[in-house]
1. How large is the translational diffusion coefficient of region 1-53 in µm² per second when you combine the Kirkwood radius over alpha carbon pairs with Stokes-Einstein at 4 °C and 1.567 mPa s?
2. Please identify, among 16, 36, 52, the residue showing maximal mean-square fluctuation in a Gaussian network model of the chain using a 10 angstrom Cα cutoff.
3. For a Förster distance of 30 Å, can you work out the FRET efficiency between the beta-carbons of residue 75 and residue 28, rounded to the nearest 0.05?
4. How large is the convex hull of the C-alpha atoms of the chain per residue, in Å³?
5. At 1.4 Å probe radius, can you tell me the per residue accessible area of the chain in Å²?
6. Give me the distance in nm between label points sitting 7 Å out from Cα along the Cα-to-Cβ direction at residue 86 and residue 18, one decimal.
7. Okay, helix-only estimate at 222 nm for the chain: each DSSP H run of n ≥ 4 adds -39500 (n - 2.57), divide by all residues, round to 500 deg cm²/dmol; what do you get?
8. Where in the chain lies the longest segment free of trypsin sites (Lys or Arg not before Pro) that are both loop residues by DSSP (not H, G, I, E, B) and have at most 11 other Cβ atoms within 10 Å?
Amino acid sequence: MPKFPDFEQVNYSDIVKSRKAIVTYFYRSSASYDAVKSFYTNALLSKGWSSVQEEPLTKWFKEDGSRRLSFRKGQYTIYINYDAGSGSDWQYAVDYHWHT
């Protein structure tokens, strides 16, 4: 999967269990959420991923404009997380999930 051109990786995380694996890349970026959403929607839908689902991400039961996009293909899900809050070391996290 292509990486958004403005993304600078600042962290990485992975979790592997018997029936599930998650790999997450954390990025710093000055790009707008709409630009990132458009980039990944076009890139993933053109490769056969299912349509976009979008939902707010709440922090401590509050909405601050943070969002989550999800795409599915078979046993895989990709989440594009946007953190709208200030003070975070990253603005975007891209999660790759495999599940049975």
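The values are calculated or read from the model by the stated rules, or taken from the named source; none is laboratory data. What you see is a predicted model; the values in this text were computed from it and never measured. We place every Cβ from the backbone using ideal geometry, glycine too, and count neighbours over all the protein chains shown. When the accessible area is computed, the model is the full protein with side chains, heavy atoms only, and any ligands, DNA or RNA have been set aside. Shrake-Rupley method; radii C 1.70, N 1.55, O 1.52, S 1.80 Å.
1. 101
2. Maximum fluctuation in the GNM of the chain, among the listed residues, is at 16.
3. According to the calculation, E is roughly 0.50.
4. Expressed per residue, the convex hull around the Cα atoms of the chain is 108 Å³.
5. Per-residue accessible area for the chain comes out at 63 Å².
6. Label-label distance for residue 86 and residue 18, simple model: 4.8 nm.
7. Using -39500 (n - 2.57) per qualifying helix, the result is -4000 deg cm²/dmol.
8. My reading of the result: 48-100 is the longest stretch.
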